[in-house]
Amino acid sequence: MTQIEIIQNELEPLRQELISHDLYKNINSIPNIQIFMKMHIFAVWDFMSLVKSLQNSLSCTSIPWTPNKNTNSTRLINDIVLCEESDFNAQGVAMSHFEMYREAMNQIGANTSQIDSFISHLQEGNDYQTSLDFVKVNEEIKKFLDFTFEVIHSKKVHLVASVFTFGRENLIPDMFVEIVRKFNAQPNKDLSKLVYYLDRHIDIDGEEHGPMALEMINDLCANDQDKWDEAKEVCKEALKRRIKLWDSINEAILNQR
């Protein structure tokens, strides 16, 4: 059994807990999808911070330029960044996946004021914690982001790559995609931008980014057992944090009722 397979086996119970979460059973209306998106978009933003952290570590982003010794990982992360930060939407316009999600929120009528205010504060030069405090996000969203930035600030690129790979957005199951498709098929319910975003992620994660990310972890951990052990533990924690986030979104949906 490979090291990757060992990690995948140990994570499987947590992964199953996530993809069978009660949250998906309770998303049975457009208002519920709106609540999900309003809270989940912070995890979409958080994912981009992981991506850029990896690019900063695995390629040269400073001047003057110098070559990176791990050229394979450099190629992998640059391919991933190209798509995540500047993919094409359904109309052929280049934009990040975060911006696609934000567009889908507009189409469905989800409240974007919190995430918009958060991004505006970041663009003004504030750090993410100050910006989160200003917009008063849900406590579990804050804990979720805090964990991500703890991993980023550890400066251990193999841990960042592990959280990126095993705690990523492919944890949204087929069940949710089918719920969205069902509503999109109804008259006067245009969720086409969310459907496109989800389909794009399924295609890219399965065929391109998933295999690339696993290859990247293999390169970064190599024959260092301590790194593999650290990667396994940080992945477990990442999934536990995601479960807490799902619990919180589910609670918000139930409270609306």
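Measuring r between the beta carbons of LEU254 and ASP79 and using R0 = 41 Å, the FRET efficiency lands at 0.50. Model label sites at ASN106 and GLU208, defined 7 Å from Cα along the beta-carbon direction, differ in position by 2.4 nm. Per residue, the Cα convex hull of the stretch 88-137 amounts to 79 Å³.
Per residue, the average separation of C-alpha pairs within less than 8 Å and at least 6 apart gives the chain a relative contact order of 32 percent.
Between beta-carbons, use under 12 Å as the cut-off and find the net charge around VAL151, counting Lys and Arg +1, Asp and Glu -1. That sum, taken over residues with Cβ under 12 Å, equals -3. In the chain, helical runs assigned H by DSSP with n ≥ 4 each contribute -39500 (n - 2.57); averaged across all residues and rounded to the nearest 500, the mean residue ellipticity at 222 nm is -24000 deg cm²/dmol. Pull out a ≥ b ≥ c, the square roots of the eigenvalues of the alpha-carbon gyration tensor of the stretch 131-257, then state rounded if a/c is under 1.5, prolate if not and a/b is larger than b/c, and oblate in the remaining case. Since a/c reaches 1.5 but b/c is at least a/b, the shape of the stretch 131-257 is classed as oblate. Given a Förster distance of 25 Å, report the FRET efficiency between ASP247 and ASN28 from their Cβ-Cβ distance, rounded to the nearest 0.05. That pair, ASP247 with ASN28, gives E of 0.90.
Summarising the label geometry, the points placed 7 Å from Cα in the beta-carbon direction at PHE134 and GLU5 lie 5.0 nm from one another.
Taking 26 Å as the cut-off for C-alpha to C-alpha distance, list the pairs among LYS52/LYS193; LYS25/LYS240; LYS182/LYS236 that go past it. Exceeds cut-off: LYS182/LYS236. Along the Cα→Cβ direction, 7 angstrom out, place labels at LEU122 and LYS155. What is the inter-label distance in nm? Distance between label points: 2.3 nm. Estimated from the Cβ-Cβ distance and a Förster radius of 41 angstrom, the FRET efficiency linking LYS189 and ASP146 is about 0.70. For the pair the stretch 3-27 and the stretch 116-133, the centres of their Cα atoms are 32 angstrom apart. Can you bin the chain into rounded, prolate or oblate? Criterion: square roots of the alpha carbon gyration tensor eigenvalues sorted a ≥ b ≥ c, rounded for a/c under 1.5, prolate for a/b above b/c, oblate for the rest. It comes out prolate by the Cα gyration axes. A cut-off under 12 angstrom between Cβ atoms defines the neighbours of ILE30, and their net charge, with Lys, Arg +1 and Asp, Glu -1, is +1. Surface exposure of the stretch 112-151, expressed per residue as accessible area with a 1.4 Å probe, stands at 51 Å².
The values are calculated or read from the model by the stated rules, or taken from the named source; none is laboratory data. Quick caveat, the model's predicted, so the values are computed rather than measured. Heads up, the Cβs are rebuilt from the backbone with ideal geometry, glycines too, and the neighbour counts pull from every protein chain shown. Only protein heavy atoms, including side chains, enter the accessible area calculation; ligands, DNA and RNA are left aside. Shrake-Rupley method; radii C 1.70, N 1.55, O 1.52, S 1.80 Å.
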